[in-house]
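Before any comments, here is the structure.
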Amino acid sequence: MRQLIEPWRHVFKLDPDRELGDLELEAICLSGTDAILVGGSTGVTYENTIDLLNRLRRYELPCALEISDLEAVVPGFDLYMIPMVLNTPDTAWIIGQHRKAIQRYGSLIPWELLLAEGYIVLNGDSSVARLTGADHSLSAEGAAAYAQIADKLMQLPVVYLEYSGMFGDMKTVRLVREMVENSQLFYGGGITGEAQAKQVAALCDTVVVGNIIYQDIQQALLTVQAVKKTPQMLWE
Ligand SMILES: CC(C)=CCC/C(C)=C/CC/C(C)=C/CC/C(C)=C/CC/C(C)=C/CC/C(C)=C/CC/C(C)=C/COP(=O)(O)OP(=O)(O)O
Ligand SMILES: O=P(O)(O)OC[C@@H](O)CO
Ligand SMILES: [Mg+2]
């Protein structure tokens with residue numbers, strides 16, 4: 001499954017708990033983005049997730065489900081991304097929910113379709129920070145240390161810098177970039193247009209765009225080419 005995500009430079013994250021019209025969904029799916037990630041931290045249910053998947057299947061894009069709730073695990077996605085929040089003191093969000101899921105689904109789990117994400121949650125005002133009690137007031141060095149735990153000790157396929165709702169601190173992103181060697185570095189949070197998309201694209205492997213889809217779809221669409229046309233800086 002690492003091969004599936006490797007070429008992803010730009011991804012739109014769609015929240016099943018938010019409304020998107022058919023025309024807007026079509027524009028998103030035909031925008032040239034590399035994949036759709038379905039997820040949200042609150043209000044995600046089996047019903048709204050399966051409904052969104054059915055609508056997405058009219059298009060040929062890869063669709064991944066980022067699991068945030070045990071009750072909303074829907075079959076039929078190309079890939080299941082499993083967040084593990086590294087900077088929370090609450091083990092429920094690192095491995096606890098995961099243990100419950102494995103006990104519940106047992107032999108039904110298509111392990112070859114699962115990818116773990118080492119999440120580092122950095123916006124204290126986001127629902128995900130409130131939900132998980134994440135220690136968001138990290139220095140750049142603190143965030144980079146968590147990134148090294150994910151990349152070097154745990155050898156997770158994905159390190160996810162999560163600033164949901166706020167544009168991140170590029171000094172922190174740059175330091176994390178310098179430390180991550182093997183994991184694919186995802187960034188999500190507060191991208192509202194081309195300029196921000198380009199800054200992140202220069203530093204990270206995969207740029208995730210979420211909320212702006214629901215606020216200003218034209219700006220959201222512009223982020224696709226902004227990312228695609230920006231080469232990544234090379235790191236020694
Ligand atoms: C037959 C079949 C397909 C069976 C399925 C098998 C399967 C895939 C089983 C699951 C196995 C497994 C290990 C599951 C994990 C279960 C689980 C609930 C884990 C917890 C994940 C977690 C840490 C959740 C916390 C929240 C979080 C990190 C969510 C990620 C998404 C996110 C950050 C969204 C951002 O939220 P957003 O909506 O942008 O926030 P705002 O509201 O502020 O905008
Ligand atoms: O919604 P935004 O702020 O774009 O963040 C994207 C995504 O990373 C949230 O998990
Ligand atoms: Mg959101």
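In the range 150-170, how many are aliphatic (A, V, I, L, M), within 13 Å of ligand 1 (Cβ to nearest atom), under 18 Å from A140 (Cβ atoms) and open to solvent by less than 20 Å² (accessible area, probe 1.4 Å)? Summing the residues that are aliphatic (A, V, I, L, M), within 13 Å of ligand 1 (Cβ to nearest atom), under 18 Å from A140 (Cβ atoms) and open to solvent by less than 20 Å² (accessible area, probe 1.4 Å) in the range 150-170 gives 1. Annotation note: of N123, N87, the sole residue that is touching a strand residue (DSSP E or B) at 6+ places or on another chain (Cβ under 8 Å), more than 16 Å from ligand 3 (Cβ to nearest atom) and open to solvent by less than 30 Å² (accessible area, probe 1.4 Å) is N87. Here L37, L56 are screened, and the one residue that is aliphatic (A, V, I, L, M), closer than 26 Å to D205 by Cβ and near ligand 1 (Cβ under 9 Å from one of its atoms) is L37. Pairs meeting the criteria (first residue in the range 179-208 and open to solvent by 30 Å² or more (accessible area, probe 1.4 Å), second residue part of a strand (DSSP E or B) and away from ligand 3 (no atom under 16 Å from the Cβ), beta carbons under 7 Å, at least 6 apart or on different chains) are D205/Q184; D205/L185. All conditions in (1) near ligand 2 (Cβ under 10 Å from one of its atoms); (2) in contact with a Pro (Cβ under 8 Å, 6 or more places away or on another chain) hold for N123, with the sole exception of (2). Pairing each residue of the range 123-146 that is closer than 17 Å to I95 by Cα with any residue that is open to solvent by 60 Å² or more (accessible area, probe 1.4 Å) and among the hydroxyl-bearing types (S, T, Y), provided the two are 6+ apart or on different chains, yields C-beta distances under 8 Å for L131/T42.
Every residue, every condition in (1) under 19 Å from G39 (Cα atoms); (2) modelled with pLDDT of 95 or more, yes or no:
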position: T91; (1), (2): no, yes
position: L108; (1), (2): no, no
position: W111; (1), (2): no, yes
position: E117; (1), (2): yes, yes
position: I120; (1), (2): yes, yes
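Looking at the range 13-34, can you tell me whether even one residue there is under 11 Å from the mean Cα position of the chain (by Cα), closer than 25 Å to L185 by Cα, buried (at least 19 other Cβ atoms within 10 Å of the Cβ) and away from ligand 1 (no atom under 14 Å from the Cβ)? No: zero hits. Quick check: is even one residue across the range 167-174 touching a strand residue (DSSP E or B) at 6+ places or on another chain (Cβ under 7 Å), farther than 25 Å from Q3 by Cα, away from ligand 3 (no atom under 16 Å from the Cβ) and of a type outside the set (S, T, N, Q)? No, that holds for no residue. When N87 is tested against (1) modelled with pLDDT of 95 or more; (2) more than 28 Å from M166 (Cα to Cα), exactly one condition is not met: (2).
Pairing residues of the range 209-232 that are touching a residue at least 24 places away in the same chain (Cβ under 8 Å) with residues that are aromatic (F, W, Y) and within 16 Å of ligand 3 (Cβ to nearest atom), at Cβ distances under 9 Å and at least 6 apart in sequence or on separate chains, gives V209/F12; G210/F12; I213/F12; A220/F12; A220/Y214; T223/F12; V224/F12. If you check R130, R99, R57, which single one turns out to be open to solvent by 20 Å² or more (accessible area, probe 1.4 Å), within 16 Å of ligand 3 (Cβ to nearest atom) and of a type in the set (K, R)? Of the residues listed, the single one that is open to solvent by 20 Å² or more (accessible area, probe 1.4 Å), within 16 Å of ligand 3 (Cβ to nearest atom) and of a type in the set (K, R) is R130.
The values are calculated or read from the model by the stated rules, or taken from the named source; none is laboratory data. Keep in mind that this is a model prediction, so the values were computed, not measured. When we count neighbours, we look across all protein chains shown, and the Cβ atoms used for this are built from the backbone with ideal geometry, even at glycine. Ligands, DNA and RNA are excluded from the accessible area calculation, which covers all protein heavy atoms including side chains. Shrake-Rupley method; radii C 1.70, N 1.55, O 1.52, S 1.80 Å.
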